[in-house]
1. Can you list residue pairs whose Cβ atoms sit under 6 Å apart, with the first residue in the range 134-154 being open to solvent by less than 80 Å² (accessible area, probe 1.4 Å) and the second being at pLDDT 95 or above and acidic (Asp, Glu)? Count only pairs 6 or more apart in sequence or on different chains.
2. For the range 320-334, how many residues are within 17 Å of the chain's Cα centre (by Cα) and either open to solvent by less than 10 Å² (accessible area, probe 1.4 Å) or of a type in the set (Phe, Trp, Tyr) (or both)?
3. Could we say that residue 403 is modelled with pLDDT of 95 or more, under 20 Å from residue 110 (Cβ atoms) and open to solvent by 10 Å² or more (accessible area, probe 1.4 Å) here?
4. How many residues are among the acidic types (Asp, Glu), surrounded by fewer than 24 Cβ atoms within 10 Å (Cβ to Cβ) and more than 17 Å from residue 228 (Cα to Cα) when one looks only at the range 336-374?
5. Restricted to the range 72-105, and to residues that are touching a Lys or Arg at 6+ places or on another chain (Cβ under 8 Å), hydrophobic (A, V, I, L, M, F, W, C) and open to solvent by less than 30 Å² (accessible area, probe 1.4 Å), which residue is modelled with the highest pLDDT?
6. Output the residues belonging to the range 391-400 that are open to solvent by 10 Å² or more (accessible area, probe 1.4 Å) and either under 18 Å from residue 224 (Cβ atoms) or of a type outside the set (Ser, Thr, Tyr) (or both).
7. Yes or no: residue 54 among the β-branched types (Val, Ile, Thr), farther than 27 Å from residue 180 by Cα and either open to solvent by 20 Å² or more (accessible area, probe 1.4 Å) or at pLDDT below 80 (or both)?
8. Applying the selection to the range 194-227, what residues are open to solvent by 20 Å² or more (accessible area, probe 1.4 Å) and over 24 Å from residue 303 (Cβ atoms)?
Amino acid sequence: GLTQCLPRRWTLVGRKVVDLDRVASGPMGKAHPGGSAVLRQVEGRDATVLFHSVHALARDDVLAQWIRLCTVGLVDDFPDLLEKIRTDRGLAATFNEDSFVSSSPFAQEVRMRVREYFSAQATAQGVSMREAMKAPTAKWCLVVVLWVAFVIVFLSWLCGQWFGLLLLPIIGSLATFHTFHDASHGAFSSRAWVNELLTFLGFLIASPTEWRWQHIIGHHSFTNIKGLDPDSKHTSRWVDADEHTRPSMKLVLVVWGLAVPVGLHVLGTCRLIARSLRLHGEEGTGPPPPLVFSSLMASIVHRLVFYVLPFYRFGFLWGSLWVVYPSVVFSFMFMLNTQLAHLNDETEGETSTRRSDCWYTHQAATTADFAPGSRLHWFMSGGLNLQVEHHLFPTVDHWHLPALRSIVEHTCTKYGLPLYTFDGYLCGLRSHIRHLSCEPSDAAQRAGTAGAG
């Protein structure tokens, strides 16, 4: 086991061992937008990249001081921890990735310019800079309207009305996209309990624990890196890269339709439980967080209400329709708004190496926006059409991302970095299909070009 000197709950930031109990008991811990959920997700793993990515707008001197207050020593001070790093596949894969967050001129300037923007917004609104980055009153009004609409449609669906059946996945996706995603990143509110509560509104996608394990710990820290980003690797499971042929559109449609009800609601949940109980090997980014009762119950209640109750109320035939139609349509909307940004023939999807030693440059090279000036695309995607800006500044509510687009665009142009942009859903979908059939030589050429930038 680990040495007795090692803190009860710990994480790694660089080569520093951070005592999470100090974080939780300190004044900054109580005010942190992520709250206890963030501490649970980084416990027992290397959180270096995640720490720096979620604090993109914090001052470096403040971060350094905060780390000093919570650090109990260096990794070298704990022999058993060194042994664990050598033997734990997840820790070994991410340890010493501190260079991945090394600051480049691009990173320094884009962070500085966005800080200046929110500093001006905070002054104008008479609030703190952190509050200025979160959801404004107008966003709260939008979210309330969407969830009231969802409740009405849900009750109609539950009563067996066609109105509810047809609109449930559409209204559900809009309400979920505009609430759950930002809350899971601590971007919706400056209050930890608000973010934690609203993260449970993602029940149509995944429980809070499942989402943070796969999306935040893996995908946002190591975007498109093979073995570390669980969101990018699924295409390799159903497309043989050695065949060099375009996948059947029928296969693409089937995968998109089953991605949420089967991929997330069945396989994803089973995988999390199996790994939490040590019944399955660990992910490349380390062990998953321990099972949280509230998250597990959220999953169980969702499965009972949306997959079991319709059969009880309407019988097998109509119950099947009431289950399959909403889940498949919602899955299509989820995939449409999540796959185009990273799995396309510009970013080239999953690669075995990072595109740059600078994390910010890597994000720009592995992510794409679509229709950044369209309010309709912004509304339908819950701000997911501005993925580059979101990946660079994940703790900023998506309400502000259109304003950040011009800052990011100007800075990328200045430093000769790519800012991949599609005109809309159709253009992004075509690029996604081309990516699935792209030959390795083309992929290598594009990856080399991005890396050079």
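The values are calculated or read from the model by the stated rules, or taken from the named source; none is laboratory data. Predicted model, so just to flag it, every value in this text is computed and none were measured. Positions of Cβ are generated from backbone atoms using ideal geometry, with glycine treated the same way; all protein chains shown enter the neighbour counts. Just the protein is used for accessible areas: all its heavy atoms, side chains included, with ligands, DNA and RNA removed. Shrake-Rupley method; radii C 1.70, N 1.55, O 1.52, S 1.80 Å.
1. Short answer, once both residue conditions are applied: 134/397; 135/397.
2. Qualifying residue count for the region: 2.
3. Yes.
4. 2
5. 75
6. 399, 400
7. Spelling it out, it is not the case that residue 54 is among the β-branched types (Val, Ile, Thr), farther than 27 Å from residue 180 by Cα and either open to solvent by 20 Å² or more (accessible area, probe 1.4 Å) or at pLDDT below 80 (or both).
8. Scanning the range 194-227 gives 226, 227.
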